[in-house]
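Derivation of every value follows stated rules applied to the coordinates shown; laboratory data play no part. If you're wondering where the values come from, they're calculated on a predicted model, not measured in any experiment. Cβ atoms come from the backbone with ideal geometry, glycine included; neighbour counts cover every protein chain shown.
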Amino acid sequence: MLLTGKDIVAPAYARGFAVASYNISDYGMLMAVLAASEAAQSPVILLIHPDDWEFVGDQFLASVFAAAASSSVPVAIQLDHGATVEQAAAALRHQFTSVMIDGSLLPFDQNMAITREVVEMAHRIGVSVEGEIGTIGPRDPRSLEEMQDFVFADPEQAKEFVETTGVDLLAVAVGTAHGVYPAGFVPELKLDLIARINDAIGIPLVLHGGSGAVDEQVSQAVKLGIAKVNISADMKTAYFTKLREVLTDPAQREPLDIYPPALAVVQDVVRHKAEVLGSVGGAAHYDYRPAGIGERRWTEGAATVQH
Ligand SMILES: [Zn+2]
């Protein structure tokens, strides 16, 4: 069943677990992420990045919404890293249940302005918004030197940002980066900084660049206020590494033979992440009352989105 980003993250934030969020850009990822989330009874967020959206097209979104709506676990569908008000508006028109506006590369005042504009637009129709402060960086490749230039989120700025913009979720730069890390770099999560930001703002925090981070650190970060963790590279690397392995056999040509081993590996990743984030069984904390087709409702605390 579909929930807004705010409503799917709220029980996690209150209970000290985090909702895994996966960048989806093909049908196999969609089905494997949902199947593993259902098996673990974990809520999950499906992320559609603007670049991926352009690649997969609007028709693919119909599959995402259909699969999410019939899922036995809470699901939200979020625009990942919207760069402009127009991209956020397009996501709202397509009935995404959460949007991210990422103005983190803009000057702070402009980041606040663009985020506030998206919040005003999205909240009018009950959709939640994620903003971002600090530098989590572009996609790989990066050098070790580039990693030194990262700007961490600041608790005072975070407070001003949340009060000014009204965002529901805040992505913070606290030591991780997007994509695959340069060889020899081990990310170090700033746990004390996460705790200070959480104390300052009191809304759920989001960790981007969840791939490649040390599991124990991520689990600790979740206890300190991280309630949504974005995962892309770890899932895709497992998926395509397995596909390459299967395809070394030149006799392979049937998708129904080629894909299942790779999708099984994706499910292993999703299960592992659910354990790290403490979300196994987390679906039980959403007050869901099954009803007849077309009448499903989340009975409490949820701005139900019907499709
Ligand atoms: Zn991100």
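General remarks:
- Under 11 Å, Cβ to Cβ, from Glu130 - net charge with Lys/Arg +1 and Asp/Glu -1: -2
- Of the residues Thr248, Ala238, Ser71, the one whose Cα sits farthest toward the positive end of the charge dipole of the chain, with +1 on the Cβ of Lys and Arg and -1 on the Cβ of Asp and Glu, is Ser71.
- The gain in end-to-end length when the Asp268 to Arg253 segment is fully stretched comes to 3.0 nm, 0.36 nm per residue minus the alpha carbon separation.
- Distance between the pseudo-spin-label points of Ala195 and Glu117 (7 Å out from Cα toward the beta carbon): 3.9 nm.
- Taking the DSSP beta bridges with both ends in the chain, the antiparallel portion is around 5 percent.
- Adding -39500 (n - 2.57) for every DSSP H run of four residues or longer, then dividing by how many residues the chain holds, sets the calculated 222 nm ellipticity at -15000 deg cm²/dmol.
- Given 12 as the ceiling on other Cβ atoms within 10 Å, longest exposed-site-free region of the chain for trypsin sites (Lys or Arg not before Pro) in DSSP loops: 125-252
- With a simple spin-label model that places each label point 7 Å from the Cα along the Cα-to-Cβ direction, the separation between Arg244 and Ser63 comes to 2.4 nm.
- Pairwise FRET efficiency - Phe152 versus Ala89, Cβ, R0 = 22 Å, nearest 0.05: 0.10
- The chain: relative contact order as a whole-number percent, Cα under 8 Å and 6+ apart: 24 percent
- Given charges at Cβ of Lys, Arg, Asp, Glu: the range 5-292 dipole, positive-most of Thr165, Ile258, Ile48: Ile258
- For the residue pairs Lys190/Lys236; Lys242/Lys273; Lys6/Lys236; Lys6/Lys190, the alpha carbons lie more than 20 Å apart in Lys190/Lys236; Lys6/Lys236; Lys6/Lys190.
- Charge dipole (the chain, unit charges on Cβ, about Cα centre) - positive-most of Leu191, Tyr286, Val222: Tyr286
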